[in-house]
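Chemist: Here's a structure for you.
The values are calculated or read from the model by the stated rules, or taken from the named source; none is laboratory data. Not measured: the values here are computed from a predicted model. When we count neighbours, we look across all protein chains shown, and the Cβ atoms used for this are built from the backbone with ideal geometry, even at glycine. We work out accessible area using only protein heavy atoms, side chains counted, and drop any ligands, DNA or RNA first. Shrake-Rupley method; radii C 1.70, N 1.55, O 1.52, S 1.80 Å.
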Amino acid sequence: MKKSLFIITGASKGIGRGLAEKALKTGAEVWGINRTHSIEHENYKALTYDLSNIPTLLEKLPQIFSNTSGFQKIVLINNAGTLGDIEHLGKIDSKSIPALFDLNVNAPLLLMNQFIRDLKDNESEKIIINISSGAGKNAVDGWSGYCASKAALDMASKVAAKEAEMDGTGFIIKAIAPGVVDTEMQTQIRNTNEKSFSGVDKFKNLKADNQLSSEAEVAEKYFHLINNLGQYTDVILDVRQV
C-alpha cells in the first residue's frame, strides 16, 4: 500500500498550508485544492480550482477523487473559508453573503458528498476533517455569515458521522476548531472598527500579548488528533483539547 494521502482545500496559505507542510514532512502525498499554489514538493499535487465557483466545481467533482486507490489512509480536510464582510446586518454587501456560503458551506458539502460516494468501497482508512470554529457556537456581532456558516458545517459533520455509522461505510468525520491562529483572517479582524465588531480590542490584545498560535503549531495539534481519533467520540472537537 502507498503512503497516506491528504486532500486539503486552501492549502496555499494559513492553516491549510501549515497542514499541507506537516503532511509532507510525514511522507504523505498531498493534493492541494486552491486557486493558486505556493508549495513546491515532489509529493504535492496542485489541483487548481476556485471553490467559490460552484458551477465549475460541480463539473470538476467527478475528477477530484479519482486515482485514490492504494493508499493506507485518505484524509479530506475542508479548510478553505472566508470571514466575509465584518459588519452588522443591514450594512453588508448583499452579494457577499451567497459568496461566503458557497465557499464555507456549499463547497465542503459537495466535496464530502463526492468523497463518500467515490470512496465508499475503498478499504483505506477514510477520514474527513472540517475546520470548525467557536464562532459556530457563539453569536459574534459583525460575523453573522461566518457564524452561521460554521454552525452549518458543524451540523453537516454530525449528520455525516451519524450516517457513516448507520451505513457502515467506515468513514470517520470530525469538525475540529483550531483555536486562535496567526493568519490573514486575524489581520482582517484586527483592522475592523469597533462599531462593526465590538470585540476587536480583544483580538488586538491577543496579537500584542503573543497569544496566537502559529500555523505550524496548530498543524501539529491537528495531526495529533488525526492520528488518535479513536480516543475521541465527539464529532465536534477543538485542538485545545490536545
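Chemist: Based on C-alpha coordinates, I'd like the Rg and Dmax of segment 61-188, in Å.
Modeler: When restricted to the Cα atoms of segment 61-188, Rg and Dmax are 16.0, 51 Å.
Chemist: Here's something else I'd like to know. Carbon and sulfur together cover what percent of the accessible area of the chain at a 1.4 Å probe radius? Walk me through the intermediate numbers first.
Modeler: Numbers: 5610 of 11910 Å².
C and S atoms contribute 47 percent here.
Chemist: Next question. Starting from the amide H of Ile173, placed 1.01 Å from N in the peptide plane, find each other amide H under 5 Å away whose residue is 5 or more places distant or on another chain.
Modeler: Counting only residues 5 or more places away or on other chains, the set is Ile128.
Chemist: What share of all Cα pairs of segment 1-111, in percent, falls into each consecutive 10 Å distance bin?
Modeler: In order of increasing distance, the bins hold 14, 43, 30, 10, 3, 0 percent.
Chemist: Using DSSP, restrict attention to beta bridges with both residues in segment 23-131 and report what percent are antiparallel, rounded to the nearest 5.
Modeler: Working: 0 of 11 bridges.
Around 0 percent antiparallel, to the nearest 5.
Chemist: May I pose another question? Taking the solvent-accessible surface of protein heavy atoms with a 1.4 Å probe, what is the per residue accessible area of the chain in Å²? Walk me through the numbers on the way to the answer.
Modeler: Working: 11910 Å² over 242 residues.
Per-residue accessible area for the chain comes out at 49 Å².
Chemist: I'd like the FRET efficiency for Asn43 and Arg240, computed as 1/(1 + (r/R0)^6) with the beta carbon distance as r and R0 of 30 Å, rounded to 0.05. Mind dumping the intermediate values first?
Modeler: Values: r = 30 Å, r/R0 = 0.99.
The value I calculate is 0.50.
Chemist: How do 152-158, 72-78 rank on mean C-beta neighbours within 10 Å, highest first? All intermediate terms of the calculation are to be shown ahead of the outcome.
Modeler: Values: 152-158: 18.9, 72-78: 23.1.
In decreasing order of mean packing, 152-158, 72-78 become 72-78, 152-158.
Chemist: Now for a separate question. Taking 4 °C and 1.567 mPa s as the conditions, I'd like the Stokes-Einstein D for segment 108-181 in µm²/s, using the Kirkwood hydrodynamic radius from alpha carbon pairs. Don't skip to the answer; put the middle values down first.
Modeler: Working: Rh = 13.2 Å.
Once the numbers are plugged in, D ends up at 98 µm²/s.
Chemist: On to the next question. Over 23 Å between Cα atoms: which of Lys2/Lys22; Lys91/Lys174; Lys13/Lys204; Lys25/Lys126; Lys150/Lys174; Lys150/Lys221 fall into that group?
Modeler: Numbers: Lys2/Lys22 18 Å; Lys91/Lys174 34 Å; Lys13/Lys204 21 Å; Lys25/Lys126 20 Å; Lys150/Lys174 13 Å; Lys150/Lys221 20 Å.
Where the Cα-Cα span goes over 23 Å, the pairs concerned are Lys91/Lys174.
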